[in-house]
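Read through the structure below, which is laid out as structure tokens, and then see the notes.
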Amino acid sequence: MIEILRETLARLRRGESVMHVTVLAAQEAPRGAGAKLAVFEDGAVLGTVGGGETERGVIETARRALKERRSFIEEARSCGGRATLLFRCVRPEEAETLREALTLAQAGKPARMETRLSGAMEMQAVSGGTGAHAACSEDGETFSEPLSAGRAYVFGGGHVSRALCPLLARTGFCVTVLDDREDVLTESAFPDAEARIVGPLAQSAARISLEPNDFVVVMTHGHHLDYEVLRETLRQPLAYVGMIGSKKKIGAISARLLADGIPQERIDSVHMPIGLAIGAETPEEIAVSIAAEMIRCRAVRAGSTKL
């Protein structure tokens, strides 16, 4: 969502219109409600609503509708299923609405885009809300979709973090990377991060405003730093906490946390060793296993029926 919002806003500011195609509802289709693609005036496409021949047809329809500046709702069939698609022409005069939506999305906090499905199909960015799914209202008049798929705080800027950050960003997480080494935490090393925080890690962990829907990944450059970050972050409920490390390291840190008064159930909730067991060895493979575990956790919390 963030990537589509960012590129759409850039095009609107140049005076161009953009066609957004969004899945409103689906039955046995490759993508569910909220899947989105954008078609631009130069023919470029960003995002997907399912792929294959059906999507090619959807893109051609979107290109024609963009030239005519039309917005409408249409049914599409794909792989034995069907989907209801919203073709919404976003115009330059709506740039402020998109700017508000992008600001909310980049903040990573609960926020939604609401689109009226009749008349002028007006859009509105709204902060707050707890719904994890995109869905139509009961009266069918409004479609609401989350602007952010979760905030992820990655403590440590090493090799695995550099491989993990782009994976998280491309799967909807709003990523903040933290490290105490300024030369490590550079923009060139983490171009996909929404924020980079340089400073003592324990102090940073205590300072940032963590919320119950946030994800925390701990992989600093020292065992004592991992322990200090966990000690701070485990004092509050979070959607996900994971730490990289060996069984020996995990045992030692767990014992210290328990001695510090962290309840055993909170310690047991930490994913350690972090990531799904896929036999990962390289930083890139480990990053894939971590991202997969976080996506699965997010899906479970959202009540996904695909697990």
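The values are calculated or read from the model by the stated rules, or taken from the named source; none is laboratory data. Everything quoted here is computed from the prediction, not taken from an experiment. No Cβ is skipped: glycine too gets one built from the backbone with ideal geometry, and neighbour counts run over all protein chains shown. The accessibility values were calculated without ligands, DNA or RNA, using every heavy atom of the protein model including side chains. Shrake-Rupley method; radii C 1.70, N 1.55, O 1.52, S 1.80 Å.
What residue, among those in region 43-67 that are touching a residue at least 12 places away in the same chain (Cβ under 8 Å) and not in a helix (DSSP H, G or I), is nearest to the chain's Cα centre (by Cα)?
That would be Gly47.
Return the residue satisfying two criteria in turn: it lies in region 12-42 and is modelled with pLDDT of 95 or more and open to solvent by 20 Å² or more (accessible area, probe 1.4 Å), and of such residues it is nearest to the chain's Cα centre (by Cα).
Arg13
Residues in region 209-239 that are part of a helix (DSSP H, G or I) and acidic (Asp, Glu): how many?
3
So, of the residues in region 13-35 that are free of Cβ contacts under 8 Å to residues at least 60 places away in the same chain and part of a strand (DSSP E or B), which turns out to be nearest to Ala134 (Cα to Cα)?
Residue satisfying both the conditions and the ranking: Ala26.
Across region 146-175, which residue is farthest from Met123 (Cα to Cα) among those that are at pLDDT below 95 and polar (S, T, N, Q)?
Filtering region 146-175 for residues that are at pLDDT below 95 and polar (S, T, N, Q), the one farthest from Met123 (Cα to Cα) comes out as Thr171.
Pick from region 240-264 the residues that are touching a helix residue (DSSP H, G or I) at 6+ places or on another chain (Cβ under 7 Å) and part of a helix (DSSP H, G or I): which of them is surrounded by the fewest Cβ atoms within 10 Å (Cβ to Cβ)?
So, considering only residues that are touching a helix residue (DSSP H, G or I) at 6+ places or on another chain (Cβ under 7 Å) and part of a helix (DSSP H, G or I), the one surrounded by the fewest Cβ atoms within 10 Å (Cβ to Cβ) is Gln264.
Has region 265-284 got at least one residue that is in a helix (DSSP H, G or I), within 16 Å of Leu164 (Cα to Cα) and open to solvent by 50 Å² or more (accessible area, probe 1.4 Å)? Spell out the reasoning first.
Going residue by residue through region 265-284, those that are in a helix (DSSP H, G or I) are 265-268, 283-284.
Next cut, within 16 Å of Leu164 (Cα to Cα) only: 283-284.
This time we only want the ones that are open to solvent by 50 Å² or more (accessible area, probe 1.4 Å), so: 284.
Yes, there is a match, as at least one residue in region 265-284 is in a helix (DSSP H, G or I), within 16 Å of Leu164 (Cα to Cα) and open to solvent by 50 Å² or more (accessible area, probe 1.4 Å).
Matching residues to (1) buried (at least 24 other Cβ atoms within 10 Å of the Cβ); (2) within 24 Å of Gly128 (Cα to Cα):
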residue	(1), (2)
Ser144	no, yes
Gly150	yes, yes
Phe155	yes, no
Leu167	no, no
Gly172	no, yes
Glu182	no, no
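Go through region 192-208 residue by residue and tally those that are open to solvent by 50 Å² or more (accessible area, probe 1.4 Å), free of Cβ contacts under 8 Å to residues at least 24 places away in the same chain and either acidic (Asp, Glu) or not in a strand (DSSP E or B) (or both).
3
Return the residues of region 1-11 that are modelled with pLDDT under 90 and either among the basic types (Lys, Arg) or part of a loop (DSSP other than H, G, I, E, B) (or both); say none if nothing qualifies. Give the derivation first.
Narrowing region 1-11 to residues modelled with pLDDT under 90: 1-3.
Answer for region 1-11, where residues must be modelled with pLDDT under 90 and either among the basic types (Lys, Arg) or part of a loop (DSSP other than H, G, I, E, B) (or both): just Met1.
Quick test of your reading of the structure: His271 fulfils all but one of (1) touching a Cys at 6+ places or on another chain (Cβ under 9 Å); (2) more than 28 Å from Ser148 (Cβ to Cβ). Name the failing condition by number.
(2)
Could you please let me know if Glu7 is under 25 Å from Ala302 (Cα atoms), open to solvent by 30 Å² or more (accessible area, probe 1.4 Å) and among the acidic types (Asp, Glu)? Walk me through it before giving the result.
Values: under 25 Å from Ala302 (Cα atoms): no; open to solvent by 30 Å² or more (accessible area, probe 1.4 Å): yes; among the acidic types (Asp, Glu): yes.
No: the conditions fail for Glu7.
Would you point out which residue out of Arg301, Arg296 is touching a residue at least 24 places away in the same chain (Cβ under 8 Å), open to solvent by 80 Å² or more (accessible area, probe 1.4 Å) and farther than 23 Å from Gly222 by Cα?
Just a single option satisfies the conditions, and that option is Arg301.
Ala105 - would you say it is at pLDDT below 90, among the hydrophobic types (A, V, I, L, M, F, W, C) and not in a helix (DSSP H, G or I)?
On the way: at pLDDT below 90: yes; among the hydrophobic types (A, V, I, L, M, F, W, C): yes; not in a helix (DSSP H, G or I): no.
When the stated conditions are applied, Ala105 does not pass them.
Identify, from the list Ser118, Ser161, the residue that is buried (at least 20 other Cβ atoms within 10 Å of the Cβ) and either in contact (Cβ under 8 Å) with a residue 12 or more places away in the chain or closer than 30 Å to Asp226 by Cα (or both).
Selected residue: Ser161, the only one of Ser118, Ser161 that is buried (at least 20 other Cβ atoms within 10 Å of the Cβ) and either in contact (Cβ under 8 Å) with a residue 12 or more places away in the chain or closer than 30 Å to Asp226 by Cα (or both).
Evaluate the following for Gly128: is it of a type outside the set (A, V, I, L, M), free of Cβ contacts under 8 Å to residues at least 40 places away in the same chain and on the phi > 0 side of the Ramachandran plot?
Yes; evaluated as a whole, the condition is true for this residue.
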